[in-house]
Amino acid sequence: MSSITQGSTKDGAFTCTVIGTYNLPIKPSTTKTPSSPPLPIVTCTVEGVTMSTSTPKSKHPINPSFRFDNELRFKTLTLSSIYSSTAVFKVIQSGSEIASCALKLNTIPLGKGPIERTLNLSPPTAGPESVAEKNDKVDTPATIRLNLELKGPLRSEVLAVQTAFTTYFGLIDSLVEVTSPPATKVFNALNTKYAIIPALPVLITLACATPVVLGVCIVGLPFFLPIIMIVGIFAGLTASTGLVLYLSTPHGRKRVNKFSAPFVKNAVSSSVGQQFLYETGARPSPVTLAEHTIPQDMTGKLITSLALDFMGSCSYLIPGAGEAFDLFWAPFQTVCIQAMYDKSNPYIKYVSFAEEIIPFTDALPTASLGWVKEFGPIILENGIKKAEGTLSRYQRKDGKKA
């Protein structure tokens, strides 16, 4: 495969491999020699930069189809300019355009390697055609087969997070390699019937003491409540830390990847995900990210709204201190509500922010009220229609009996 490179690498690169063109709107040559004129070439234009292939490597003996296997590389353009532009492909024969097509480059996913696309070619617009020219046209459309790849740098903050996680996972893997053999020996030693002998006194003590401790805690609940809360928070933090450490190990990462891979793949491949990860231009706003993350169907919005109202009311669990949590929760909830209900109720985002930021107003279910405002009339209308249909059926039955 021949390669043609334009310029030196900047921060973006678009690579296009022209595999072949098929059923071009020209009369096939009578000779089978690939170098015999007139042979077409393919040009690609991106942001005013035009590159062209060499002559075809081979030609179909009957159909006007040609194989090129030419690679064109655009390397002097920034990713932001490439991502928002359109690539125009033209098939040129004897200096004249015979077919063309266009492709928006933001439809090519970044970071996924070359992808193959087959595009339909359109003949150039011309004057009125004769009957003979119309009869010479074939039903099979002209096409061009391409291998396309778009590359570019990650955003600086994404790259920093990626580097941090790579370093963290490398450290965890090193610790696992060091501690795994001794831990395996201890586990194998304990995983025997004889390990129950030293553990028996501890188990008996726990069995007897647990009801007593629970009874004392229930009787002295007002006195022990702060202690119980501290112990519960400590136990929760310890369990969360242990879970995070386990999920950071190679075995834990495999389990996480098994469930999260489809969702991550869809998110990264989406247009908003690409703009969030790569230097494609302006960053997507938090509302745009929320719109592409939060479910937009009726049931999904209801579950999300109930969850938002539940979390917003959790500040009452710790009176006073919980209001400080609202300083962080209010902007997050407002963004989510704006993403879900801004079209049906543009003012509800202001109500959401006010009820979260003002002390002792968190009980107002703003997200659920937004759901009722959007879907309540629809549900009511459908219910009325079903009721009218049921009533009309009963009336028809009563009329037949009479």
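Evaluating Leu302 against the criteria (1) open to solvent by less than 50 Å² (accessible area, probe 1.4 Å); (2) over 30 Å from Ala13 (Cβ atoms); (3) modelled with pLDDT of 90 or more leaves one unmet condition, (1). Checked against (1) closer than 23 Å to Asp11 by Cβ; (2) assigned to a loop (DSSP other than H, G, I, E, B), Pro295 meets all criteria but (1). Only one of the numbered conditions (1) part of a helix (DSSP H, G or I); (2) at pLDDT below 90 is not met by Asp362, and that is (1).
Among the numbered conditions (1) surrounded by 13 or more Cβ atoms within 10 Å (Cβ to Cβ); (2) at pLDDT below 90; (3) hydroxyl-bearing (Ser, Thr, Tyr), the only one that Ser94 does not meet is (1). Of all residues in segment 53-64, those that are under 16 Å from Arg145 (Cα atoms) have Cβ atoms under 8 Å from Cβ atoms of residues that are of a type in the set (D, E, K, R) and open to solvent by less than 60 Å² (accessible area, probe 1.4 Å), 6 or more apart or on another chain, in Lys57/Asp69.
Of the set (1) surrounded by fewer than 13 Cβ atoms within 10 Å (Cβ to Cβ); (2) over 10 Å from the mean Cα position of the chain (by Cα); (3) part of a helix (DSSP H, G or I), all apply to Phe263 but (2). Pairs linking a residue in segment 229-257 that is more than 17 Å from Cys217 (Cβ to Cβ) and without any contact (Cβ under 8 Å) to a residue 60 or more places away in the chain to a residue that is in a helix (DSSP H, G or I) and of a type in the set (Phe, Trp, Tyr), with Cβ atoms under 6 Å and 6 or more positions apart or on different chains, are Gly252/Tyr246. If you filter segment 104-139 down to residues that are at pLDDT 80 or above and over 25 Å from the mean Cα position of the chain (by Cα), you find that the one that is surrounded by the fewest Cβ atoms within 10 Å (Cβ to Cβ) is Asn120. A count restricted to segment 36-77 and to residues that are open to solvent by less than 10 Å² (accessible area, probe 1.4 Å) and among the small types (Gly, Ala, Ser) stands at 0. State whether the residues of segment 270-292 include one that is farther than 30 Å from Leu150 by Cα and either in contact (Cβ under 8 Å) with a residue 40 or more places away in the chain or not small (Gly, Ala, Ser) (or both). There is no residue in segment 270-292 that is farther than 30 Å from Leu150 by Cα and either in contact (Cβ under 8 Å) with a residue 40 or more places away in the chain or not small (Gly, Ala, Ser) (or both). When segment 254-269 is filtered for residues that are under 16 Å from Lys151 (Cα atoms) and at pLDDT 85 or above, nothing remains. Residue by residue through segment 153-181, note down the ones that are touching a residue at least 60 places away in the same chain (Cβ under 8 Å) and assigned to a helix (DSSP H, G or I). Matches in segment 153-181: Val158, Tyr168, Phe169, Ile172, Asp173, Val176.
Kindly indicate whether any position in segment 330-343 is of a type in the set (S, T, N, Q), out of contact with any strand residue (DSSP E or B) (no Cβ under 9 Å at 6 or more places or on another chain), farther than 17 Å from Val287 by Cβ and open to solvent by 40 Å² or more (accessible area, probe 1.4 Å). No, that holds for no residue. For segment 229-243, the set of residues classified as aliphatic (A, V, I, L, M) and either open to solvent by less than 50 Å² (accessible area, probe 1.4 Å) or under 20 Å from Leu317 (Cα atoms) (or both) consists of Met229, Ile230, Val231, Ile233, Ala235, Leu237, listed by residue number.
The values are calculated or read from the model by the stated rules, or taken from the named source; none is laboratory data. Keep in mind it's a predicted model, so treat the numbers as computed, not measured. Cβ atoms come from the backbone with ideal geometry, glycine included; neighbour counts cover every protein chain shown. To get the accessible areas, we keep the full protein, side chains included, count just its heavy atoms, and leave off ligands, DNA and RNA. Shrake-Rupley method; radii C 1.70, N 1.55, O 1.52, S 1.80 Å.
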